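**Student:** Could you have a look at this structure, given as structure tokens, before my questions?
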Amino acid sequence: MFDEVVVERSRREGADGLTKSVFQRAKELRLKLAVNLFKRYLLGSEHVPGHPQVEPMLQTVLGSRLFELIEIRTWVSWFDRSPSIPKRRTIRELDRVAQEGVRFVYAKEHREHQLPSSFFEELVYGGLVSQMARVSRSKRLKSAVNETVSEYVPLSAWHLHMDAVEVSGLADGLGNLDWVYVKQLAAKRLMSLLSLLWGPRDGRIHEFFASDLRLDWLAASADEREQLRGSFDIFPKSSFVDSMRASPVPAWSIIGVEDDLAEVHIHKALLAIAADIDFLKAERLHAWAFDLASAGLAMHALAWTDRYTTFGLPVQSERLCWMALSAMFFDLEGEWDDRQVKAAMDHLRLAWSPEVEQSLLEGRASYLREIHELGLDVESLIAVARHATDVHKLIYRKGPVDALERSELGCP
């Protein structure tokens with residue numbers, strides 16, 4: 001966990017904001033993610049995270065094509081512990097090669113899809129925080145920042161996750177806009193985007209998921225497929241096709257999530273999905289876990305701007321949820337402690353069971369596996385994400401009765 005309470009007698013030192021070293025660290029993480037993701041697209045199961053794998057790359061058409069555009073030593077240098085950030089035009093070569101041959105399919109359908117044309121360039125150089133920084137010298141700063149944030153849409157769950165890491169670490173303002181305003185604006189946008197994907201009323205992510213019948217079909221043998229077809233004989237002919245094409249959604253009413261859930265509470269809806277064990281399977285579980293981790297970081301970012309309320313006493317909803325999500329994804333000890341998670345589930349009025357715990361454990365494993373596959377580690381992500389809690393600490397003043405040093409610190 002990276003939020004902390006500090007007990008001290010003196011005033012806090014002034015906040016430094018998002019330092020160059022932290023900003024550089026975030027860019028390095030983005031580069032590592034981009035090159036490992038690119039390589040995984042090319043090599044598939046032969047991909048080894050964190051290694052350039054020049055020879056296997058040369059044995060692929062797209063890998064050979066890449067090394068016609070950039071030098072092999074440049075590619076190798078991107079896998080250094082602290083790589084130098086290349087120029088945009090160099091990263092654009094990844095997008096150029098990806099457009100020539102990288103394709104993917106969703107489990108729901110056979111149709112091939114292409115990555116967006118600037119996918120890797122945006123992954124390395126883009127992001128919500130970078131977009132906001134670009135308008136920092138605007139004469140009408142507040143309106144420019146608001147417009148930039150409202151129009152921002154990440155290109156993938158990986159882009160959104162890096163946004164969440166950076167917004168969590170955001171500790172300084174822009175121009176005459178203080179850090180609280182900037183951080184709240186950014187965090188709320190990320191939560192709004194997650195709500196568009198997962199919201200109970202009209203979440204868009206479900207249309208990409210395969211139905212239960214299609215998942216069974218993909219895993220079945222020829223004889224088993226005949227049995228699956230036969231099970232629909234008593235229904236109209238269209239029933240089988242409709243069931244294959246159906247978009248699965250969580251059982252929102254059963255897990256207690258209302259249709260009009262506020263966007264800033266999307267982390268609660270995602271956490272509640274853990275109780276829908278029939279929904280969480282295959283790519284649904286993977287997408288859910290990754291976005292739940294992003295939602296946790298976005299929620300923490302927003303809550304920290306009012307930390308003396310949300311993380312002070314008495315214990316508030318944000319703190320309960322954060323303790324659970326931190327235990328799931330960001331606890332460096334690596335030991336599973338279900339007490340924090342149980343407390344959050346109780347708070348959400350969701351029954352605890354071995355099946356629910358198993359869903360949470362599988363979600364945790366899925367997230368950590370994906371982070372590893374991308375050549376990253378949780379410690380490096382936390383080093384960036386916790387920057388704001390290091391700068392804007394939650395501080396108690398020691399006296400006859402311990403009290404939060406609100407007025408002296410000029411909170412928030």
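The values are calculated or read from the model by the stated rules, or taken from the named source; none is laboratory data. Here the structure is a predicted model, which is why all the values come from computation and not from measurement. Heads up, the Cβs are rebuilt from the backbone with ideal geometry, glycines too, and the neighbour counts pull from every protein chain shown. Keep in mind that these areas ignore ligands, DNA and RNA; they rest on the heavy atoms of the full protein, side chains included. Shrake-Rupley method; radii C 1.70, N 1.55, O 1.52, S 1.80 Å.
**Student:** Can you tell me, using C-alpha contacts under 8 Å and at least 6 residues apart, the relative contact order of the stretch 278-354 as a whole percent?
**Tutor:** Relative contact order of the stretch 278-354: 21 percent.
**Student:** Can you tell me which of 35-46, 286-297 comes out highest on packing, and rank the rest after it, using the mean Cβ neighbours within 10 Å?
**Tutor:** Values: 35-46: 18.6, 286-297: 24.8.
With the highest mean Cβ count within 10 Å placed first, the list reads 286-297, 35-46.
**Student:** Considering amide H positions built from the backbone, and no H for Pro or chain starts, which residues 5 or more places from Leu394, or on another chain, come under 5 Å of its amide H?
**Tutor:** Amide H neighbours of Leu394, under 5 Å, 5+ apart: Glu4, Val6.
**Student:** Okay, next question. Enter the Cα centre distance for the pair the stretch 234-278 and the stretch 146-164, rounded to the nearest angstrom.
**Tutor:** A separation of 25 Å, based on Cα centres.
**Student:** A further question on this structure: Apply the Karplus parameterisation 6.51 cos²θ - 1.76 cosθ + 1.60, with θ equal to phi minus 60°, to every residue of the stretch 364-381 and state each ³J(HN,Hα) to the nearest whole Hz, in sequence, with x for glycine and proline.
**Tutor:** 4, 4, 5, 5, 5, 5, 5, 4, 5, 4, 8, x, 10, 9, 4, 4, 5, 5
**Student:** While we're on this one: How large is the accessible surface per residue of the chain, computed with a 1.4 Å probe and reported in Å² as a whole number?
**Tutor:** Numbers: 19810 Å² over 412 residues.
For the chain, the per-residue accessible area is 48 Å².
**Student:** If you don't mind, another one. Could you check how much of the accessible area of the chain is carbon and sulfur, as a whole percent, using a 1.4 Å probe?
**Tutor:** 49
**Student:** Ranked highest first by average number of other Cβ atoms within 10 Å, how do 313-325, 377-389, 159-171 line up? Before the final figure, lay out each step's value.
**Tutor:** Details: 313-325: 18.5, 377-389: 20.8, 159-171: 26.4.
Going from most to least packed, we get 159-171, 377-389, 313-325.
**Student:** Tell me which residues come under 5 Å, amide H to amide H, from Gly50 once H is placed; ignore anything under 5 positions away on its chain.
**Tutor:** Residues meeting the criterion, in which the H sits 1.01 Å from N, are Gly375.
**Student:** Would you mind telling me the antiparallel percentage of the DSSP bridges in the chain, rounded to 5?
**Tutor:** Details: 5 of 9 bridges.
DSSP beta bridges in the chain are roughly 55 percent antiparallel.
**Student:** Distance cut-off 26 Å, Cα to Cα: go down the list Lys87/Lys139; Lys32/Lys393; Lys188/Lys393; Lys27/Lys268; Lys27/Lys108; Lys183/Lys393 and report the pairs above it.
**Tutor:** On the way: Lys87/Lys139 29 Å; Lys32/Lys393 30 Å; Lys188/Lys393 21 Å; Lys27/Lys268 30 Å; Lys27/Lys108 34 Å; Lys183/Lys393 15 Å.
Pairs exceeding 26 Å: Lys87/Lys139; Lys32/Lys393; Lys27/Lys268; Lys27/Lys108.
**Student:** Just to verify a number: what accessible area does Lys188 come out at with the full protein assembly present, 1.4 Å probe, Å² rounded to tens?
**Tutor:** Taking all protein chains as shown, Lys188 has close to 100 Å².
**Student:** Separate question: Between the stretch 333-357 and the stretch 179-206, what is the C-alpha centre distance in whole Å?
**Tutor:** Taking the Cα centre of the stretch 179-206 as reference, the centre of the stretch 333-357 is 24 Å away.
**Student:** Among (i) -0.37, -0.61, -1.21, -1.36; (ii) -0.31, -0.53, -1.12, -1.29; (iii) -0.31, -0.53, -1.23, -1.46, which one is log10 I(q)/I(0) by the Debye sum over Cα atoms at q = 0.07, 0.09, 0.13, 0.14 Å⁻¹ computed from these coordinates?
**Tutor:** Checked against the structure: label (i).
**Student:** Measuring from label point to label point, each 7 Å out along Cα→Cβ, what is the Ser45 to Glu335 span in nm?
**Tutor:** Each label point is offset 7 Å from its Cα along the Cβ direction, giving 3.7 nm.
**Student:** Apply the Karplus parameterisation 6.51 cos²θ - 1.76 cosθ + 1.60, with θ equal to phi minus 60°, to every residue of the stretch 98-105 and state each ³J(HN,Hα) to the nearest whole Hz, in sequence, with x for glycine and proline.
**Tutor:** Along the stretch 98-105, the couplings run 4, 5, 6, x, 6, 9, 8, 10 Hz.
**Student:** Pulled fully out, how much extra length does the chain show between Ile85 and Asp202, if you take 0.36 nm times their separation in residues and subtract their Cα-Cα distance? Please report the intermediate quantities before stating the final value.
**Tutor:** Working: separation 117, 0.36 × 117 = 42.12 nm, distance 3.93 nm.
The Ile85-Asp202 span can extend by a further 38.2 nm.
**Student:** Quick one: if you stick a label point 7 Å off each Cα along the C-beta vector at Arg140 and Ser253, how many nm between them?
**Tutor:** Distance between the two pseudo-spin positions: 4.7 nm.
**Student:** Given an 8 Å cut-off on Cα distances and at least 6 residues of separation, report the relative contact order of the chain as a percent.
**Tutor:** 24
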